[in-house]
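Everything on this sheet refers to the single structure shown next.
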Amino acid sequence: MDRSGYQARRANVDDLPELRHLWATASYAPVELEKHVTEFQIIEDPEGAIVACMGLEIESGQGNIHSESYTEPGLAEDLRVIFWERLQSLARNFNLARFWIQQPSSGFWQKHGFNEPNADVLSKLPARLAAHGGPWLTLKLRDESLTAISIEHEFDLFKQHQRELSERAMRQARVLKVVAWILLAIGFAALGALAWKIFKKIPPVK
């Protein structure tokens, strides 16, 4: 299969009619999945028709790959390659520490490093994802502790940036206050000078 004409992108509400058909074909519940349409990545063929979809649910720095569906099962393995490239890009963008997938029938994921988690790894599965059941395959993308440190560091940088903005705003307010007092003093001085000139022009009372 020539994959060059196929494009992956994020789904939107305009894609729902085609997605509902895909989900129904795969025996998923369209009514439930359409609530999470923006979690889905889709692949369009060269004519712009949606030929595959795959969900990525993100929770606590981890991603659950779910609900993949294809119009033509014979193209699934080739299209998964496109999805896999897309998923890796999303993992970098969202700084994900780990992928999870409920154990699929295809061996594609094991070929790309997914394996069954032991009890210690399974304990890292966020509760929201664990509620989906199992069994699971998982792939570690980066050290979870480093991810947590990175998030904490980014939060510290954000707070420092906010403090700097606040201090800068206070300095600007103080400068504006001084400028306002100076302008007010100048205004009073000008008003006084004008009043003095007017007073001098008034002829003395005889």
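Each residue in the range 133-142 was checked for being touching a Phe, Trp or Tyr at 6+ places or on another chain (Cβ under 9 Å) and not hydrophobic (A, V, I, L, M, F, W, C), and 2 pass. Which ones in the range 27-46 are under 21 Å from Gln7 (Cβ atoms) and either hydrophobic (A, V, I, L, M, F, W, C) or buried (at least 18 other Cβ atoms within 10 Å of the Cβ) (or both)? Hits for the range 27-46 are Val37, Glu39, Phe40, Gln41, Ile42, Ile43. Is there a residue in the range 9-23 that is closer than 24 Å to Pro135 by Cα and touching a Leu at 6+ places or on another chain (Cβ under 9 Å)? Yes. Residues in the range 60-74 that are farther than 16 Å from Trp109 by Cα, of a type outside the set (Gly, Ala, Ser) and surrounded by 15 or more Cβ atoms within 10 Å (Cβ to Cβ): Gln62, Tyr70, Thr71. Among the residues making up the range 24-36, a single one is under 13 Å from Ala52 (Cα atoms) and either at pLDDT 95 or above or of a type in the set (S, T, N, Q) (or both): Thr25. Checking each residue in the range 8-35 for being assigned to a helix (DSSP H, G or I), free of Cβ contacts under 8 Å to residues at least 40 places away in the same chain and either outside the structural domain of Phe99 (by TED's automatic domain parsing) or touching a strand residue (DSSP E or B) at 6+ places or on another chain (Cβ under 7 Å) (or both) picks out Asp15, Glu18, Leu19, Leu33.
The values are calculated or read from the model by the stated rules, or taken from the named source; none is laboratory data. As the structure is a prediction and not an experimental result, all values here were calculated from the model. Positions of Cβ are backbone-derived with ideal geometry, glycine not excepted, and every protein chain shown enters the neighbour counts.
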